[in-house]
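The values are calculated or read from the model by the stated rules, or taken from the named source; none is laboratory data. Everything numeric here is computed off the predicted structure, so don't read it as measured data. Please note: Cβ atoms are built from the backbone with ideal geometry, for glycine as well, and neighbour counts cover all protein chains shown. The protein model used for the area step is the full one, side chains on, heavy atoms only, and it has no ligands, DNA or RNA in it. Shrake-Rupley method; radii C 1.70, N 1.55, O 1.52, S 1.80 Å.
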Amino acid sequence: MKTSMGSGSTRIPLRQQVEELCEQSIGTCYQCGNCSSGCPMGPWMDALPNQLIRRLQLGLEDTTRFASPWVCASCFACGVRCPKGIDVPRVMEALRVVGLRSGEDHIGPHTIEKKRLSQLPQIALVAHMRKATG
Amino acid sequence: MNNRVGVFICHCGKNIARTVDVEALRKEAAGLPGVEWAEDDMYLCSDPGQQLIRERIAEQNLDAVVVAACSPTLHTTTFRRAVESAGVNPFRLEIANIREQCSWVHPGTAETTHKAAALVRSGVEKARRTQPLEPIHVGLQRAVVVIGGGVAGIQAALDIAEAGYPVHLVEQGPNLGGRMAQLSETFPTLDCSSCILTPKMVEVSHHPLVTIHTLAEVTDVEGSIGNFQVRIRQQPRYVIAEGCTGCGDCVPACPQVVPGEFDRGLGARKAIYIPFPQAVPFTYTLDREHCLNQGPLIICDRCAQACEPRAIDFDQQPSEELVEAGAIVLATGCDTLPLSHFREYGHDRHPDVIDGLMFERLLSASGPTHGEIRRPSDHRVPKSIAFVQCAGSRDPERGKAYCSQICCMYTAKHALLYHHAVPDGKVYIFYIDIRAGGKGYEEFVERVRAEDGINYIRGKVAKLIPKDGKLEVWGVDTLLGEQVKVEVDLVVLATALVPSQGIQELARVARVAIDGDGFLSEAHPKLRPVESQTRGIYLAGTAQGPRDISATVAHAAGAASKVLGLFSHDELVEEPTIARVNEALCRGCSFCVSVCPYDAISLHEGTAHVNETLCRGCGACTPACFAAALGPRGFEDDQILAQIRALAC
């Protein structure tokens, strides 16, 4: 049997990856910004939730380089207010998963000093680890 | 069975001829029993095509015709007229739909032609058996009931009355005027709303052909187009309209103070009141719900004592009137989503969160603050206002999926009027998109943005937090990509337009359809926008969907012109293809009565009786009848069975 390989890229586009992971329709968003208006972590984000979704709508592959999904507290304030019913925290989670699968290391517990490690709140650390393991 | 049938096959350019072998089809049709002539043509619906049919009818002495072409919904009328002008009864025309049901949906194979042949054969079998039918002529009652006394109802009533026909204008509230009477100025010209509405209200109230019923509701509609019987229930006003001079001496005498509905609860009125100074009719109304006299016992008669003309009558009773009308116009208007709907904006926690109509009352010279903008909580002039657009509109999750159409414009107007009244005040308009599609609208918004420098911030507001007598607005500027937090004195929500309360009950009574959002459904969204799906009932204004004043007036004028078009006929000509009862067979079981979707069948002395104007010939009664005693004319059992047999072979 002969297998013929396609010449194109086998990589799935980012928007498609995210949509499959979070089961949300990114195209539904009409950029009202309600998710960003009420986001308690907004001041610490390098791109607001609506901006991340805009980048996904445009299929910008570098959207995973932003730290915002890692700043997201998963408080669901955005998701419950979205007039289009998009579960924004799940989009954030999907972006984190894509980031992790790409092999980028955002946390690196091994780089934290042992003394500091013992002082860190355990819940935050476990949450950290969870994010780190995808 | 002995009809001489002619078959005419249309190529429809290439629409049919591309996949159907028209020549083979013509040959097969020519050989069918009963067929005297078969011919094909490039475009049968064209004038030469119709002429061809007429000529062949005369030459071949045809008395029934089958046209194999497009869907009967498209050209039945065209071909009926063509055969009729050649002396063939129009109900001896059959259409075989070989386009939508065949050529468009199948590839160009022999089977497609085979199916087209089956459809033609079926049509021929029907045509051979058709009987001539004559249209039904029905008399016409040239009077109209217009339901709703806002600008739409007033416009429709005036247009119809001006043409010389009597109108009953039925308004649920105590006075005419509707929503428009509540507004201050109107966009984009900043005309004073009552200055342009009052002359119309006066005109309609003085028109000799218009009878105004205020505090009245339509409780029942019987009959059908041309001959409706409308039951109007009149609630008591407890003030004799002929006696009341409008002096207002009763008002200071009344001890009962209640929030005024006309001012959206921002102002107070007495239990005896008139909602606004330009009210038509200018007759006071005693609101018994808030009057001290709840039962038959009169414990307070101060208003009656104060009334010099003795116009107050505590004993008035509801009354009913039955009105005959040939047409009905529904102009029941709209409401807005209540503030309690928006928990994230917390009107229940803060009185300084108001809606656009409340702001109109604050702007209005006849409003509770005499046109001075003062916020409800402490009556201070607000030094900053946030306007929140799309409150409930374009929000399929928790509000309404549609755009309410007027909010962009009235918010721009609000900002402008506030800016003129309080020049040092700060304004923030939170919007998603600006929709200013009317004549002069974009220019108006441009003026507000550029000349008055109003601050438009693109992003929806997430929530409002009361803080030291102010409200903190959590918003975002999506164009900057930054969160926005501002503290303001007053927040105005541009709440979504919704249908009036009670529209569902009226729709049920009048047997008209409503859409998923509760607005009245038009017969066709593009081509029949002022007709309801029930013949003889027309729609005007926001009862059909959100629209502004100019569009409402145009819509109402359109409804009136449809009514006048109907009245221009001497009598109604109805399709004869309606149900007929064989009285010898009918057992009076009334099963047909219960299945008829148009309430067209009733039982008279143990026999089913069909109302000829109500029946639409849908045929639902046919399978319901155990005795095979009724069914639509032109669709007889032997005809239908022959058609099925022809399809099966």
If I filter region A:40-48 for residues that are touching a strand residue (DSSP E or B) at 6+ places or on another chain (Cβ under 6 Å), of a type outside the set (Phe, Trp, Tyr) and either at the interface with chain B (Cβ under 9 Å from one of its Cβ atoms) or not in a helix (DSSP H, G or I) (or both), do I get at least one hit?
yes
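Yes/no matrix, rows are residues, columns are (1) assigned to a loop (DSSP other than H, G, I, E, B); (2) open to solvent by less than 40 Å² (accessible area, probe 1.4 Å); (3) at pLDDT 95 or above:
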{"site": "A:Thr3", "(1), (2), (3)": "yes, no, no"}
{"site": "A:Gln31", "(1), (2), (3)": "yes, yes, yes"}
{"site": "A:Asn50", "(1), (2), (3)": "no, yes, yes"}
{"site": "A:Ile53", "(1), (2), (3)": "no, yes, yes"}
{"site": "A:Gly59", "(1), (2), (3)": "yes, yes, no"}
{"site": "A:Thr64", "(1), (2), (3)": "no, yes, no"}
{"site": "A:Gly99", "(1), (2), (3)": "no, yes, no"}
In the set B:Ala69, B:Ala17, which member is small (Gly, Ala, Ser), surrounded by 15 or more Cβ atoms within 10 Å (Cβ to Cβ) and under 21 Å from B:Gly634 (Cβ atoms)?
B:Ala69
When region B:530-541 is checked residue by residue, the ones that are open to solvent by 20 Å² or more (accessible area, probe 1.4 Å) and not in a loop (DSSP other than H, G, I, E, B) are B:Glu531
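To keep it simple, each residue is scored yes or no on (1) under 22 Å from B:Ile225 (Cβ atoms); (2) open to solvent by 80 Å² or more (accessible area, probe 1.4 Å); (3) at pLDDT below 90; (4) not acidic (Asp, Glu).
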position	(1), (2), (3), (4)
B:Thr607	no, no, no, yes
B:Leu614	yes, no, yes, yes
B:Gly619	yes, no, no, yes
B:Cys625	no, no, no, yes
B:Arg645	no, yes, no, yes
Number of positions in region B:20-30 that are under 47 Å from the mean Cα position of the chain (by Cα) and either over 18 Å from B:Asn97 (Cβ atoms) or buried (at least 20 other Cβ atoms within 10 Å of the Cβ) (or both):
4
From B:Glu372, B:Glu397, residue being in a loop (DSSP other than H, G, I, E, B), of a type outside the set (Ser, Thr, Tyr) and within 14 Å of chain A (Cβ to nearest Cβ)
B:Glu397
Verdict on A:Ser25 being on the phi < 0 side of the Ramachandran plot, touching a helix residue (DSSP H, G or I) at 6+ places or on another chain (Cβ under 9 Å), within 14 Å of chain B (Cβ to nearest Cβ) and loosely packed, with under 13 Cβ neighbours inside 10 Å
yes
Selection from region B:430-474 of residues that are closer than 21 Å to A:Met41 by Cβ, of a type outside the set (A, V, I, L, M) and in contact (Cβ under 8 Å) with a residue 60 or more places away in the chain:
B:Lys460, B:Lys463
Spot the failing condition for B:Trp474; the list is (1) more than 25 Å from B:Leu416 (Cβ to Cβ); (2) in contact with an Asp or Glu (Cβ under 9 Å, 6 or more places away or on another chain); (3) not in a loop (DSSP other than H, G, I, E, B), and only one is missed.
(2)
With the requirement that a residue be within 18 Å of B:Cys408 (Cβ to Cβ) and open to solvent by 20 Å² or more (accessible area, probe 1.4 Å), what does region B:454-476 give you?
B:Asn455, B:Tyr456, B:Arg458
By my count, strands (runs of 3 or more DSSP E) wholly in region B:219-337 with at least 3 residues that are open to solvent by 10 Å² or more (accessible area, probe 1.4 Å), more than 30 Å from B:Asp548 (Cβ to Cβ) and in contact with a Ser or Thr (Cβ under 6 Å, 6 or more places away or on another chain) are B:227-234
Have a look at B:Leu527, B:Leu506, B:Leu539 and point out the one that is touching a His at 6+ places or on another chain (Cβ under 9 Å) and either farther than 16 Å from B:Ser404 by Cβ or small (Gly, Ala, Ser) (or both).
B:Leu539
Residue under question is B:Leu480, and the condition is that it be open to solvent by 40 Å² or more (accessible area, probe 1.4 Å), within 14 Å of another protein chain (Cβ to nearest Cβ) and of a type in the set (A, V, I, L, M); does it hold?
yes
So, B:Arg587, is that one open to solvent by 50 Å² or more (accessible area, probe 1.4 Å), out of contact with any Asp or Glu (no Cβ under 8 Å at 6 or more places or on another chain) and part of a loop (DSSP other than H, G, I, E, B) or not?
yes
Are any of the residues in region B:498-518 open to solvent by less than 30 Å² (accessible area, probe 1.4 Å), within 14 Å of another protein chain (Cβ to nearest Cβ) and in contact (Cβ under 8 Å) with a residue 24 or more places away in the chain?
no
Residues in region B:157-164: is at least one under 30 Å from B:Val20 (Cβ atoms), of a type in the set (Asp, Glu), open to solvent by less than 50 Å² (accessible area, probe 1.4 Å) and at pLDDT 95 or above?
no
Filter pass, B:Pro525 being open to solvent by 10 Å² or more (accessible area, probe 1.4 Å), over 19 Å from B:Glu344 (Cα atoms) and touching an Asp or Glu at 6+ places or on another chain (Cβ under 7 Å)
no
For residues in region B:400-409 being of a type in the set (A, V, I, L, M, F, W, C) and within 12 Å of another protein chain (Cβ to nearest Cβ), which is nearest to B:Glu443 (Cα to Cα)?
B:Cys403
Looking only at region B:359-412, and only at residues there that are among the aromatic types (Phe, Trp, Tyr) and in contact with a strand residue (DSSP E or B) (Cβ under 8 Å, 6 or more places away or on another chain), the one that is most open to solvent (accessible area, probe 1.4 Å)
B:Tyr410
What single numbered condition from (1) among the polar types (S, T, N, Q); (2) within 14 Å of another protein chain (Cβ to nearest Cβ); (3) assigned to a loop (DSSP other than H, G, I, E, B) fails to hold for A:Ser36?
(3)
Could you list, in sequence order, the residues of region B:375-394 that are assigned to a loop (DSSP other than H, G, I, E, B) and not hydrophobic (A, V, I, L, M, F, W, C)?
B:Arg375, B:Pro376, B:Ser377, B:Asp378, B:His379, B:Arg380, B:Pro382, B:Lys383, B:Gly392, B:Ser393, B:Arg394
Taking region B:413-444 only, how many residues are under 22 Å from B:Lys383 (Cα atoms) and surrounded by 16 or more Cβ atoms within 10 Å (Cβ to Cβ)?
15
